[in-house]
1. Averaging sequence separations of C-alpha pairs under 8 Å and six or more residues apart, then dividing by the length of the chain, give the relative contact order as a whole percent.
2. Tell me what the chain gives for mean residue ellipticity at 222 nm when only DSSP H runs of n ≥ 4 count, each as -39,500 (n - 2.57), the sum divided by the residue total, rounded to 500 deg cm²/dmol.
3. So how far, in whole Å, is the C-alpha centre of the range 12-79 from the one of the range 122-189?
4. If I histogram all Cα-Cα distances within the range 130-187 using bins 5 Å wide from 0, what percent of pairs lands in each bin?
5. Top mean-square fluctuation among 81, 177, 91, Gaussian network model of the chain, C-alpha springs under 10 Å?
6. Compute a Gaussian network model of the chain, connecting alpha carbons closer than 10 Å, and tell me which residue from 92, 179, 116 fluctuates the most.
7. Report the gain in length on full extension from residue 105 to residue 130: 0.36 nm times residue separation, minus Cα-Cα distance, nm rounded to one decimal.
8. Let me know the volume per residue of the alpha-carbon convex hull for the chain, in Å³.
C-alpha cells in the first residue's frame, strides 16, 4: 500500500488516525506533530495520503494543507472541529483539500479516504496525459521551426516544407522530430 503521513498536534489523535489507516490497509505510516517538520518530510518522500489533524504544535494547519496541495501529488484530508469546519473548507476547498469535521465516525472517515484516493488517481492520470501533450506540443514547435528554416533558406512553401520533412522521415526511417533537429542544426546556429 502507498505511504501515508499523519500530522497531528495531539498524540491521542495521531494514534486514532493510525488505527483507522491500518484498518484500511495503510501499513507504511509516518507521523509528526509540527507543520515545519511535515514540510521537510514531503521534500524527500512522496505520500499518497496526508492527514492533518488540527491544530498542530506550531500552526493551525490550513496553510500547510494549501502548501502541500500545491507542491505534492498527495491526497489531503484536513480534520478540524465541527464549529469551524465550514470556514476552513471555504479557505482550502479550491486547493482540493478534503475537510472532515470532528468528532468523526468511521464511515465518514472511510468515505473521505476513498474520495481522496479517487481524486488523487484521477489527478495523476491527468498529469500524465498533460505531460504527453506537452511533449507532443514541443515536438510540433520544433517541426514548425524546421519548416520555417526551410521556407527561409530554401524558399520552400509551407506545404513543400511539410512534404520534405515527411519524406525525409520516411526515407531515413527516422521520426519527424529527428529530421527537424537535423534541419535546424544545418540552418540555425
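1. On the way: 255 pairs, mean separation 27.5, N = 189.
After rounding, I find 15 percent.
2. Working: 7 runs with 116 residues, N = 189.
It lands at -20500 deg cm²/dmol.
3. 45 Å
4. Going out from 0 Å in 5 Å bins, the range 130-187 shows 4, 22, 29, 25, 13, 5, 2, 0 percent.
5. The residue with the greatest mean-square fluctuation here is 177.
6. Looking only at 92, 179, 116, the biggest GNM fluctuation is shown by 179.
7. Stretched out fully, the residue 105 to residue 130 stretch lengthens by 5.3 nm.
8. Numbers: hull volume 32.7 nm³, N = 189.
In the chain, the Cα hull volume divided by residue count equals 173 Å³.
Quick note: the coordinates plus some simple rules give every number you see, no bench work behind them. The structure presented is a predicted model; accordingly, all values stated were derived computationally and were not measured. Positions of Cβ are backbone-derived with ideal geometry, glycine not excepted, and every protein chain shown enters the neighbour counts.
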